[in-house]
Amino acid sequence: MFGYPAAFANGNMICGLFQDSVVVRLGREGASSAIAHDRARQFAPLPGRAMTGYVLVPDDDVRDPTALAAWLRRALAFTLTLPNKTAEHAGKKRIARNPKIR
């Protein structure tokens, strides 16, 4: 994602790296809770362009293997609730967004 490593389950992104941060996918409600209670910050790869449902893991938790593992388990648990994305579905979505690909 954005040229950085990312992990996927069933075609859906779980987590990834962005610059010097760890990004996890928790969904809209999970992200709101993590921001309110767990010191996470909203993930915005560009100023003013936040990605809904994704947060940045607090730096202290990134340096603590046990805490980081908890964030990753939480992200995986959420991501596994999403419908599977097949390669065919992903290709159709890319084509629909870019009319030059036909």
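Each value in this text was obtained by applying a stated rule to the coordinates, not by laboratory testing. Everything quoted here is computed from the prediction, not taken from an experiment. No Cβ is skipped: glycine too gets one built from the backbone with ideal geometry, and neighbour counts run over all protein chains shown.
The table below gives the values:
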read-out: Distant-in-sequence amide H partners of R41 (H built 1.01 Å from N, under 5 Å); value: L56
read-out: Amide proton proximity set for A7, modelled H, under 5 Å, gap of 5+; value: I14, C15, G16
read-out: Cα gyration tensor shape for region 6-97, rounded if a/c is under 1.5, else prolate or oblate; value: prolate
read-out: Interchain or long-range residues, amide H under 5 Å from L82's placed H; value: none
read-out: Around L26: net Lys/Arg minus Asp/Glu count, Cβ-Cβ under 15 Å; value: +3
read-out: Label point distance in nm, T86-A69, each placed 7 Å from Cα along Cα→Cβ; value: 3.7 nm
read-out: Dipole moment magnitude, nearest 20 debye, region 6-97 about Cα centre, only Lys, Arg, Asp, Glu C-beta charged; value: 540 debye
read-out: Likely footprinting exposure, Y54, Y4, fewest C-beta neighbours within 10 Å first; value: Y4, Y54
read-out: Virtual spin-label span in nm between H37 and D20, 7 Å along Cα→Cβ; value: 3.0 nm
read-out: For region 40-48, 3J(HN,Hα) per residue [Karplus equation, 6.51 cos²θ - 1.76 cosθ + 1.60, θ = phi - 60°, Hz, x = Gly/Pro]; value: 6, 10, 4, 7, 9, x, 10, x, x
